[in-house]
Amino acid sequence: MKIGRTLAGVALVVLFGAAARAATSLPGQPEGVPWPTAEWPQGRPDADPAALTRAAEQLFSDTGRGGLPDTRALLAVQGGRLVLERYAEGFGPDSRFRSWSMAKSVTQALVGILVREGQLSLDAPAPVPAWRAAGDPRAALTLRHLLTMTSGLDNADGDESADSFVARLLFGDLSADSAAGAAQVALVYAPGTHWAYSTATTQIVSGIVARGVGGGRDGVRGFLERELATPLGARSLLVEFDAAGTPLGGGYVFATARDWARLGTLYLRDGVWNGVRILPEGWVDFSRTVAPASNNGVYGAHFWVNGDPTEDQFRPLRQGLEAFEMSGNGGQFVVIVPDRDLVIVRLGEMQRVTWSRLGDELSDLIAAFPARAAAVGP
Amino acid sequence: MKPPKRAGGRRVLLALAALALGGASYAYGHLRGMASVGAGYVAKELCSCVFVAGRSLESCRPDVPESMDRVRAELLPDGVRGFVPALAERVARYEPGFGCTLH
């Protein structure tokens, strides 16, 4: 058993790279708690009630220009049970919420499934037709580079203006074929050395996924439903497409708050759902390990990590909370907190609230839940 | 981390000012580009908000950044048209199972 685990560990290091530091082990589903495939098991929070109420109130206190709270949905899943579920007026368990950049993490899950199936490899040259010409330096780029945002391509999101690369890609002159537009940029740093957040990079990955599943919108939709949404019972999960048929995996996935919580739970449970492995072994650790690049301290593999940000980076959650998260524009969050066996979902807007304030409020909410006893791994 | 939240508005205003001051075709071309991104943003956001999220156009509109208030929206039977009169127009169309696609 021990030898087996050691060998598995060695294999994981070879496959996904060594973790920079020992992270808390990922908690399994507690005995007797049913998986939330059909229904979410409900429960009462094991938390400081006053702190929990205060944090939830805070989160719904900022009202935007439409008269609605910026927070539209707030869920907490503790020990596999839904222990907090609250919506702004007009929203409920059946409301679908847009992901913005949390879509990147869903795209990452699809890549993981294709890696598990042996159709894609993290360290092989990324299959992008536009980079296959002889002598093209981009031919060296791998999915690992792309997923960790360390490709070195000149396609960073840029500022929030209308002529930023991301605005052109999703809404402007490059929007008709986002994967092609995203790939037609130069390499400006050696791959794996420089971190730059890029929706375009996820559109390149989205193109790889689309081709990997046989191409076409039907192929992508079928794969998403068959391999991810159906096993999890995340029936509301929907990805949108550009006019060329590439999924908008960089920014446009929709799901109910409960289904976002299911996706978070998949990662909390190490990629295994009710005994069935969805994501390959070690994939979640790859997701939550800060990628090696001189200017990165908070980004894993299409997931954010609550680490130590470099000068140009931002960490929304309070220092010291061990968490990794899907995050998107407007303050979308699926926060996964292994040492508290906790998933927090916050969906909505950011018309009034700021990133730092929202981060403080979410940190307060998380801190209301106790750490699991003896949960720290080697 | 943050896709464009304020794409359009301020730049459009700046470009409008440049035009009013007699700026030449460059300013006009730039303005059209900005207006087109704004029209695309409004069409796509509102189409998805109405047809995928199931909300009313009126409830969705305040969720589009203020900087894009100049971009108008028209609800179509199967999508949303975003436009800045005489400058730009984009349409996002909804198909069940695939959400909204910008055309």
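Summary of computed values
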{"read-out": "Residue within region A:351-359 that is polar (S, T, N, Q), buried (at least 18 other Cβ atoms within 10 Å of the Cβ) and more than 11 Å from every other protein chain (Cβ to nearest Cβ) present", "value": "no"}
{"read-out": "Among (1) facing chain A (nearest Cβ under 9 Å); (2) at pLDDT 95 or above - the single one B:Glu66 does not satisfy", "value": "(2)"}
{"read-out": "Count of region A:153-185 residues which are assigned to a loop (DSSP other than H, G, I, E, B), facing chain B (nearest Cβ under 10 Å) and either of a type in the set (A, V, I, L, M, F, W, C) or touching a residue at least 60 places away in the same chain (Cβ under 8 Å) (or both)", "value": "1"}
{"read-out": "Verdict on A:Gly135 being more than 23 Å from A:Trp304 (Cβ to Cβ), of a type outside the set (S, T, N, Q), without any contact (Cβ under 8 Å) to a residue 12 or more places away in the chain and not in a helix (DSSP H, G or I)", "value": "yes"}
{"read-out": "Number of positions in region A:131-153 that are closer than 29 Å to B:Lys44 by Cα and modelled with pLDDT under 95", "value": "0"}
{"read-out": "Residues of region A:44-60 that turn out to be surrounded by 14 or more Cβ atoms within 10 Å (Cβ to Cβ) and either in contact with a Leu (Cβ under 7 Å, 6 or more places away or on another chain) or of a type in the set (A, V, I, L, M, F, W, C) (or both), as a count", "value": "8"}
{"read-out": "Residue tally, condition among the charged types (D, E, K, R) and touching a strand residue (DSSP E or B) at 6+ places or on another chain (Cβ under 6 Å), over region A:276-335", "value": "2"}
{"read-out": "Qualifying residue in region A:239-246 (condition: closer than 29 Å to B:Arg90 by Cα and in contact with a His (Cβ under 8 Å, 6 or more places away or on another chain))", "value": "yes"}
{"read-out": "Tally, over region A:217-272, of residues that are assigned to a loop (DSSP other than H, G, I, E, B), away from chain B (no Cβ under 13 Å) and closer than 13 Å to A:Ala109 by Cα", "value": "2"}
{"read-out": "Meets criteria (more than 25 Å from B:Val12 (Cβ to Cβ), modelled with pLDDT of 95 or more, part of a loop (DSSP other than H, G, I, E, B) and touching a strand residue (DSSP E or B) at 6+ places or on another chain (Cβ under 9 Å)) for A:Ala190", "value": "no"}
{"read-out": "Meets criteria (farther than 23 Å from A:Leu59 by Cα and either surrounded by 22 or more Cβ atoms within 10 Å (Cβ to Cβ) or in contact with a Pro (Cβ under 8 Å, 6 or more places away or on another chain) (or both)) for A:Gly330", "value": "no"}
{"read-out": "Residue check for B:Leu46: crowded, with 16+ Cβ neighbours inside 10 Å, more than 10 Å from chain A (Cβ to nearest Cβ) and either modelled with pLDDT under 95 or touching a His at 6+ places or on another chain (Cβ under 6 Å) (or both)", "value": "no"}
{"read-out": "Selection within region A:182-191 - more than 23 Å from the chain's Cα centre (by Cα) and of a type in the set (Gly, Ala, Ser)", "value": "A:Ala186, A:Ala190"}
{"read-out": "Subset of region B:69-103 that is away from chain A (no Cβ under 12 Å) and either β-branched (Val, Ile, Thr) or free of Cβ contacts under 8 Å to residues at least 12 places away in the same chain (or both) - its residue that is surrounded by the most Cβ atoms within 10 Å (Cβ to Cβ)", "value": "B:Val80"}
{"read-out": "So A:Gly300, is it within 14 Å of chain B (Cβ to nearest Cβ), within 23 Å of A:Arg86 (Cα to Cα) and within 17 Å of the chain's Cα centre (by Cα)", "value": "no"}
{"read-out": "Filter pass, A:Asn274 being out of contact with any helix residue (DSSP H, G or I) (no Cβ under 7 Å at 6 or more places or on another chain), modelled with pLDDT of 95 or more and more than 30 Å from A:Thr230 (Cβ to Cβ)", "value": "no"}
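To keep it simple, each residue is scored yes or no on (1) among the acidic types (Asp, Glu); (2) away from chain B (no Cβ under 12 Å); (3) surrounded by fewer than 23 Cβ atoms within 10 Å (Cβ to Cβ); (4) closer than 23 Å to A:Ser99 by Cβ.
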residue	(1), (2), (3), (4)
A:Thr289	no, yes, no, yes
A:Phe314	no, no, yes, yes
A:Gln319	no, yes, yes, no
A:Arg346	no, yes, no, yes
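The values are calculated or read from the model by the stated rules, or taken from the named source; none is laboratory data. These numbers come from a predicted model, not from an experiment. Cβ coordinates were reconstructed from backbone atoms using ideal geometry, including for glycine residues, and neighbour counts include every protein chain displayed.
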